[in-house]
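The values are calculated or read from the model by the stated rules, or taken from the named source; none is laboratory data. Small disclaimer: the values here were computed from a predicted structure and weren't measured. No Cβ is skipped: glycine too gets one built from the backbone with ideal geometry, and neighbour counts run over all protein chains shown.
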């Protein structure tokens, strides 16, 4: 079976949100159109506790600053996708054809860009095992953001043995540094992902 994975299309990543991705809202129409063509659709949802250590506000740091957290490099982000807030919700205009939602970033001490694992690969979200239990062998990804959550989800999907495609028109990136988005596409391609 082939599943569509919609990554972090949440209000805080859309225009007006606390961590808005430029043109992030433009992935919604692509997601809705793609969802209609897949038998199985899952979504990932950033779901942070208010005290999450990746928030600059919890560390006295500047947004965009790079620190070390639990032995891993960690970008300091504005507070975003806090559990039970409007910012963490999916926009009203996003397809309702979502069979299962996998929440990530719930551990205060470690971030989770990938929809499959936290950044240290210490804990799984359950998405990989669930997809395999549904006999999924191929996944197509879209969502936000190209250079973080989409890239890491795609790389982990390949590592888990899924045939992996990314809908280029259905992703947008943060681009903290010039070239980050292009670099993400290069890494995904090198890992065997198909960019469609």
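A few notes on this one:
- Check on residue 50, in a strand (DSSP E or B) and either buried (at least 21 other Cβ atoms within 10 Å of the Cβ) or in contact with a helix residue (DSSP H, G or I) (Cβ under 9 Å, 6 or more places away or on another chain) (or both): no
- Residue check, residue 15 over 16 Å from the mean Cα position of the chain (by Cα), loosely packed, with under 15 Cβ neighbours inside 10 Å and outside any loop (DSSP other than H, G, I, E, B): no
- Test result for residue 6, crowded, with 17+ Cβ neighbours inside 10 Å, modelled with pLDDT of 95 or more and closer than 30 Å to residue 135 by Cβ: yes
- Residue 30 vs. criteria part of a strand (DSSP E or B) and surrounded by 15 or more Cβ atoms within 10 Å (Cβ to Cβ): no
- Positions within region 1-36 being without any contact (Cβ under 8 Å) to a residue 12 or more places away in the chain and either out of contact with any helix residue (DSSP H, G or I) (no Cβ under 7 Å at 6 or more places or on another chain) or within 14 Å of residue 85 (Cα to Cα) (or both), in sequence order: 16, 29, 33
- Check on residue 41, within 28 Å of residue 130 (Cα to Cα) and touching a residue at least 60 places away in the same chain (Cβ under 8 Å): no
- Residues of region 168-184 that are over 10 Å from residue 150 (Cβ atoms) and buried (at least 20 other Cβ atoms within 10 Å of the Cβ): 174 alone.
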